[in-house]
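Read the structure below first, then the notes.
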Amino acid sequence: MNGMTYQEIIDKYGGFVYYPVGTSMLPLIREGLDSVKLVAINDNIKKYDVLLYKRNNHQFVLHRVVKVHHDSYDFMGDNQWVIEKNIKRSQIIARMEEVYRQEKTISLTTFNYQIYVRFRVWFRCLRKLKYLIKKRLFKKQDKRTK
């Protein structure tokens, strides 16, 4: 599979195991510890799907759909509060089908996962509030140390 793009791998094999980098999908996906199975998208993209897409700057991102529009999608990482808007279908490569945490497979169809997904999306405002509080606290501490 050397030299193949993600899209070519999906087209040829139907899916692959991906090792995400970064913290945007915490606590579900932990860098260096977890991997995910990505598969071809053979049906409609739905709110709460986790998809691999390519940004205009050619960076690959694995984030969750938070809104479906007629001709685009809005995405957000589970550990983020900023929504990335206007991602086109042509930028989307694959859908996350499973999460592998060491020897355990996390199914995306369980009741617990569905509760987790909604909690992460619905309470994004709390992550923003946490960010703003931290920013304000560190700003005050910086003023005191100068």
Leading residue by the ranking (nearest to Gly77 (Cα to Cα)) among those in region 3-44 that are of a type in the set (Val, Ile, Thr) and exposed (fewer than 14 other Cβ atoms within 10 Å of the Cβ):
Val21
Do we have Asp49 as within 24 Å of Leu129 (Cα to Cα), modelled with pLDDT of 95 or more, surrounded by 14 or more Cβ atoms within 10 Å (Cβ to Cβ) and charged (D, E, K, R) here?
no
Of the residues Tyr100, Tyr113, which is without any contact (Cβ under 8 Å) to a residue 24 or more places away in the chain and in contact with a strand residue (DSSP E or B) (Cβ under 8 Å, 6 or more places away or on another chain)?
Tyr113
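Okay, residues lined up against (1) outside any helix (DSSP H, G or I); (2) of a type outside the set (Phe, Trp, Tyr):
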| site | (1), (2) |
| --- | --- |
| Ile93 | yes, yes |
| Thr105 | yes, yes |
| Lys128 | no, yes |
| Tyr131 | no, no |
Contact list please: Cβ distance under 9 Å, first residue in region 61-78 and of a type in the set (S, T, N, Q), second residue not in a loop (DSSP other than H, G, I, E, B), pairs at least six apart or on different chains.
Ser72/Lys85; Ser72/Asn86; Ser72/Ile87; Ser72/Arg89
Any residue at all in region 82-92 that is crowded, with 17+ Cβ neighbours inside 10 Å, more than 29 Å from Lys128 (Cα to Cα) and not aromatic (Phe, Trp, Tyr)?
no
Scanning region 52-70 for residues that are surrounded by 10 or more Cβ atoms within 10 Å (Cβ to Cβ) and over 17 Å from Ile10 (Cα atoms) gives Arg55, His63, Arg64, Val65, Val66, Lys67, Val68, His69
Quick one: which residue in Ile87, Ile93, Ile115, Ile133 is at pLDDT 80 or above and in contact with a helix residue (DSSP H, G or I) (Cβ under 6 Å, 6 or more places away or on another chain)?
Ile93
Taking the conditions exactly as written (β-branched (Val, Ile, Thr), under 13 Å from the mean Cα position of the chain (by Cα) and over 17 Å from Arg124 (Cβ atoms)), does Val99 satisfy them or not?
yes
Screening Lys46, Lys12, Lys37 for residues that are in contact (Cβ under 8 Å) with a residue 24 or more places away in the chain and not hydrophobic (A, V, I, L, M, F, W, C) leaves only Lys37
crowded, with 17+ Cβ neighbours inside 10 Å, in contact with a strand residue (DSSP E or B) (Cβ under 7 Å, 6 or more places away or on another chain) and farther than 23 Å from Ser107 by Cβ: does that describe Tyr73?
yes
I need the full set of residues from region 1-58 which are small (Gly, Ala, Ser) and farther than 23 Å from Arg124 by Cβ, in order please.
Gly3, Gly14, Gly15, Gly32, Ser35, Ala40
So, of the residues in region 26-39 that are aliphatic (A, V, I, L, M) and within 14 Å of Glu98 (Cβ to Cβ), which turns out to be farthest from the chain's Cα centre (by Cα)?
Val39
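The values are calculated or read from the model by the stated rules, or taken from the named source; none is laboratory data. The structure presented is a predicted model; accordingly, all values stated were derived computationally and were not measured. Note that each Cβ is placed from the backbone with ideal geometry, even for glycine, and that neighbours are counted across all protein chains shown.
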